[in-house]
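The values are calculated or read from the model by the stated rules, or taken from the named source; none is laboratory data. All values reported here derive from a predicted model rather than from experimental measurement. Glycine also receives a Cβ, built like all others from the backbone with ideal geometry; neighbour counts cover every protein chain displayed.
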Amino acid sequence: MPHIATGLTDTEQAALQRDFRRLMKALPAPLDETDKKNLKKAFEMGLEAHSRQRRKSGEPYFFHPIEVARICVQEIGLGPTAAICAILHDVVEDTDVTIEDIREGFGEKIAKIVDGLTKLDGLYNSPSKQAENFKKVLSTLVHDVRVVLIKIADRLHNMRTIGPMPKHKQLSIAAETDYIYSPLAHRLGLYNIKSEFQDIILKIQEPETYEEIEQKLSLGDQQRKRYIREFIKPLKAQLSELGFDYQIVGRSKSIASINNKLKKKQIPFEEVYDLFAIRIILNVPPAKEKSSCWLVYSILTEIHKPIPERLKDWITTPKSNGYESLHTTVIGPKGRFVEIQIRTQRMDEIAERGFAAHWKYKNVNTQQYIYETWLDNIREMLDETHKDALEFISDFRTNLYAEELYVFTPKGDLKVMPKGATALDFAFAIHSDIGYHSSAIKINNKLVPMGYKLQNGDQVEIITNKNQKPNEEWLRMTVTGKARAKIRTALKESKKNQSEDGMAKLDRKLRGMKADLEENVDQLARHFGYNSRLDLYYDIAIEHFDLSKVKELKVEGGKIIFPVKHPQRASITDNEAITFASSAPEDDQPRISIDGVDASQYKYALASCCKPVIGDDIFAYVTAGAGIKIHRSNCPNATHLMASYGYRVQKAEWVTTGNVKSIVNLKITGVDSGPGVIELVTNKISSGLGINIRSLSIEGKEGYFEGKLSLVVSNKNQLNMVMRSLKTLEGISSVYREN
C-alpha cells in the first residue's frame, strides 16, 4: 500500500499496513469488491487523520482502531461494515474529519454508526457527562447493535493496554467498565469478553488479591490437568462407543469469578473445589441437538454422581440473550465437585460470540426472536423524551445482569422476567396501559400485593381499573427499567399538571410585588435550593413552600434583588467548587495530596463507607456540598461514583503518616471450639502484636462461629499483618476486611 502518512516512521507505517493485511485475512471470504474498496479507503483516511497522534505507551494511535476492528471480526464475529466503522470510530471525535466527510465517502449507514460511536460535546452543565454519552451509545442499540459491539471492542482493547495510564485514570476506566460494559457484554452473550473485563477490573482495583489467586492457580495447574484427564477418561470411552462427534475441554474459572466465590461463601481458596469447568461440545444436526445433549447428560450421571439441585436446563428454555446449554455439577474422583456444561457447536459459538453468532443461526430454531422483547423494552425506555440520563442508566442496568425466572399468563404464554421482579413489573411487561391501570393482581388464582416477588412457574393475572393511576409508592414496588421508566413518566405528567396551579399562585404573588414571573423564576428557584422551576411550582401547589418567603425579597425595576452569597475561594475542577477548611487538619489526621497538591487547604475527610487506612489505594471525590471525601479504590460505592460522576473524581495519594490511627472492621469465621476462641484471638492481637482491640463479638452457630472485630491500626501493612496472623490460628477458616 503506497500511501505515506506524515508523523510516522517507515517502520511504523509498515507495521500498521501489516496489521491491516491481517485484518483483511480475518474477514470471511470472499469479500465484496465494495467492502474491499471501503476498507482500504477507511485505512488510508484513518492513517492520515491519526498520523500525528500517539497513545500513552508512545506507539502510533492508529494501532488502536486497527486492533478494535480485529477484535470485532475475530472475537465478536462481525463483518466488513463493522470493521470499517471500527477503523474510523475515533476520527470524528479526535481529528478534523467530520461526519459529513464519512457520509460522503462511505454512505449513510457507516456515517450513522460512526456518529453513534462519537462522544457528545457541550455537556459541561450535565450532572454526568458519562451518563449522557452512555445514553447516546445505548440509544443506538435498538437501531444497529453494531455500535454497542464496536464500543465493547474499543473498551476491551483499552483495558488490555491500560498499563501506561496513571493509576487514578485506570481506576476510573475500570469503574466505568464494571458499571456498564461488563454487564452489557454479559447481556449480549459475550461471556469471554465479560470474564476478561472482570479479571482486568480486579487486577486494577485489588492487585494484591488478583496476584494471590493467580499464583495459587498457577501452582495447582498441573494437578488440575491430571485430574481432568482422570475425570473424562471413562466418559470419552462411552461417547466414542456411541459414535458421537465431540470434543471435551476443561479450563480454570476466571480469577474474578473465583474471587467472587471466595467473598460470597467466605471460604479460603483451598476450600474451592470447582475451580474449573468441563465443557462437552457435540457436533450434531440441529434436529438432534436436544436429544443428544440429554443423552450425554444421562451417560455423565451414570459415571459420576450428580447434584440434582445444580442442574440448569437452558436448552429447553434458553436465556433471553440466546444462551443455550445444560449445566450440572457432579461429584468426581476424590469427592471433588466438578461443573459440567453440555452443548452443541452452534450453542457454543453463540455462547462465545453472543449476538453476532445468534443472528448467524437465527433460522435454526424457534428462538430466533429472543432478543426482540429485550430490545422492545429498551425502545420504550428511550421513548421517555425528558428522561434524566442517570435515571436511564440505572434503569438500563436492571435489564443486564439479573438472573431470569419464568412465569405464565392466564392463557399459558411464557414470559421471561428478571429475578426479583414483582407482579407490578409483570403488568408493565405485558403492556404499558395494563401497568398504568393495574388495581389488583392474582398469582395462581390468589390475590397478592402488587409488590409480590415473582417465583418460577407463577401464573399471573392482572385486574385493571381505568381510574387507577401510578403513584410514588409504585417506584418502590418495581425493579425493571421499563416499569420504572413508565411510572416516572406518569408521575412527571401528574406533577406537571399540579405545577401549573403552583405557577399561577407564584405569578399572582410576583405581580403583586410588581415583578415579572419569567424574568425571575429561575433565579428564584436556585435561591431557594430547587433544581428547576417545575420543582418550585410543585412545592407551591402542594403547600410545601411558603410563598411569604418571596415577599421578604426586594424588587427593583421588575427584577428581584437577591442577597449576595459569600463567594467560594477556589475550585478543584471546572465543575465543582471545593470548600476550604477553616483551619489545617489536626495533627492526627493523615496528610493527603490531591492531583499532586497538598490538600490541607481543603475541607476533606475519610469516607465512612470504606474507612481507608494509610497504604490503601485511594481517590478523592468532590461532593456537592460536603467538601472532599477520600475513598478506597475498591470501596463498595467506587464503581457508581467513578462511572456516573467521573469529572468529580481526583487523584489522591497519602503524603505523610504522622501519628495516625484508623479503625477497621474485620469479619472472621471458623470452627466453634468453645469459649477458647475469644481468648485465642485477643491474645494473638493484643499480646502478640500489640494492636488495640476496639470491640469483639463472636456468635456460635451449630459448630461454626462468626465474629466481628474492630481494631485500631496505623496503616495497611499493620492491618495485613493482623489478618495473616489470624489466618494461622487453629480453627479460623477465613478473615475478611468489611466494607
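On the stretch given as segment 703-712, residues that are more than 33 Å from the chain's Cα centre (by Cα) and either over 23 Å from residue 261 (Cα atoms) or assigned by TED's automatic domain parsing to the domain that holds residue 636 (or both) total 1.
Please work out which residue is modelled with the highest pLDDT, limiting yourself to segment 658-685 and to residues that are in contact with a strand residue (DSSP E or B) (Cβ under 8 Å, 6 or more places away or on another chain) and over 25 Å from residue 266 (Cα atoms).
The selected residue is 661.
State yes or no: is residue 456 at pLDDT 90 or above and of a type in the set (S, T, N, Q)?
Against the criterion (at pLDDT 90 or above and of a type in the set (S, T, N, Q)), residue 456 does not qualify.
Going by the conditions given, is residue 7 at positive phi and either not in a loop (DSSP other than H, G, I, E, B) or not acidic (Asp, Glu) (or both)? Against the criterion (at positive phi and either not in a loop (DSSP other than H, G, I, E, B) or not acidic (Asp, Glu) (or both)), residue 7 qualifies. Scanning segment 36-92 for residues that are under 26 Å from the mean Cα position of the chain (by Cα), in a loop (DSSP other than H, G, I, E, B) and over 19 Å from residue 145 (Cβ atoms) yields 55, 56, 90.
How many residues does segment 124-163 contain that are part of a helix (DSSP H, G or I) and at pLDDT below 85?
Narrowing segment 124-163 to residues part of a helix (DSSP H, G or I): 129-142, 146-160.
Still in the list and also at pLDDT below 85: 129-142.
The number of residues fulfilling the criteria is 14.
Within segment 692-711, restricting attention to residues that are of a type in the set (A, V, I, L, M) and more than 17 Å from residue 670 (Cα to Cα), the residue that is surrounded by the fewest Cβ atoms within 10 Å (Cβ to Cβ) is 693.
Report yes if residue 189 is within 29 Å of residue 300 (Cβ to Cβ), among the small types (Gly, Ala, Ser), outside any helix (DSSP H, G or I) and assigned by TED's automatic domain parsing to the domain that holds residue 288, otherwise no.
So residue 189 does not fit the description; no.
Using beta carbons and a limit of 7 Å, which pairs, at least six apart or on different chains, have the first residue in segment 456-480 and surrounded by 14 or more Cβ atoms within 10 Å (Cβ to Cβ) and the second one part of a loop (DSSP other than H, G, I, E, B) and of a type in the set (Gly, Ala, Ser)? These pairs meet every condition: 477/451; 479/420; 479/421; 480/421. Just checking, does segment 232-244 include any residue being at pLDDT 90 or above and of a type in the set (Val, Ile, Thr)? No; the residues of segment 232-244 include none that is at pLDDT 90 or above and of a type in the set (Val, Ile, Thr). Of all the residues in segment 419-436, those that are surrounded by 18 or more Cβ atoms within 10 Å (Cβ to Cβ), outside any helix (DSSP H, G or I) and not small (Gly, Ala, Ser) number 1.
Does residue 334 fit the bill of being within 22 Å of residue 194 (Cβ to Cβ), not in a strand (DSSP E or B) and not acidic (Asp, Glu)? Considered against the rule, which asks whether it is within 22 Å of residue 194 (Cβ to Cβ), not in a strand (DSSP E or B) and not acidic (Asp, Glu), residue 334 comes out as no.
Please return the ranges of strands (runs of 3 or more DSSP E) entirely within segment 685-739 where 1 or more residues are closer than 13 Å to residue 663 by Cα, touching a residue at least 60 places away in the same chain (Cβ under 8 Å) and not charged (D, E, K, R). Outline the logic, then answer.
Details: elements: 692-701, 704-713, 732-737.
Passing ranges, in order: 704-713.
Can you tell me which of (1) in contact with a strand residue (DSSP E or B) (Cβ under 6 Å, 6 or more places away or on another chain); (2) at pLDDT 85 or above; (3) polar (S, T, N, Q) is the one residue 523 doesn't meet? The one condition residue 523 does not meet is (1). Here are some residues: 366, 422. Which one is at pLDDT below 70, outside the structural domain of residue 280 (by TED's automatic domain parsing) and of a type in the set (Val, Ile, Thr)? Of 366, 422, the one residue that is at pLDDT below 70, outside the structural domain of residue 280 (by TED's automatic domain parsing) and of a type in the set (Val, Ile, Thr) is 366. Is it the case that some residue within segment 83-97 is surrounded by 19 or more Cβ atoms within 10 Å (Cβ to Cβ) and touching a Cys at 6+ places or on another chain (Cβ under 8 Å)? Taking every residue of segment 83-97 in turn, at least one turns out to be surrounded by 19 or more Cβ atoms within 10 Å (Cβ to Cβ) and touching a Cys at 6+ places or on another chain (Cβ under 8 Å).
Go over the candidates 162, 150 one by one and state the one that is crowded, with 19+ Cβ neighbours inside 10 Å and not assigned by TED's automatic domain parsing to the domain that holds residue 640. Among 162, 150, only 150 is crowded, with 19+ Cβ neighbours inside 10 Å and not assigned by TED's automatic domain parsing to the domain that holds residue 640.
Looking at segment 269-291, which of the residues that are of a type in the set (Asp, Glu) and over 15 Å from residue 338 (Cβ atoms) is farthest from the chain's Cα centre (by Cα)?
Ranking the candidates gives 289 first.
Residue 251 meets the stated requirement of being of a type in the set (D, E, K, R), in contact (Cβ under 8 Å) with a residue 12 or more places away in the chain and outside any helix (DSSP H, G or I).
Are there any strands (runs of 3 or more DSSP E) wholly within segment 558-649 with 1 or more residues that are of a type in the set (Val, Ile, Thr) and modelled with pLDDT of 80 or more, and if so which? Steps first, please.
Values: elements: 559-561, 591-594, 604-606, 618-622, 628-632.
So the answer is 559-561, 591-594, 618-622, 628-632.
Please find, among 232, 200, the residue that is more than 27 Å from residue 301 (Cβ to Cβ) and buried (at least 16 other Cβ atoms within 10 Å of the Cβ).
Values: 232 fails: more than 27 Å from residue 301 (Cβ to Cβ).
After ruling out the rest, the residue left standing is 200.
Do we find that residue 232 is in a helix (DSSP H, G or I) and more than 35 Å from the chain's Cα centre (by Cα) in this structure?
It is true that residue 232 is in a helix (DSSP H, G or I) and more than 35 Å from the chain's Cα centre (by Cα).
Are any of the residues in segment 344-356 at pLDDT below 90, out of contact with any strand residue (DSSP E or B) (no Cβ under 9 Å at 6 or more places or on another chain), at positive phi and buried (at least 17 other Cβ atoms within 10 Å of the Cβ)? Yes, the conditions are met somewhere in segment 344-356.
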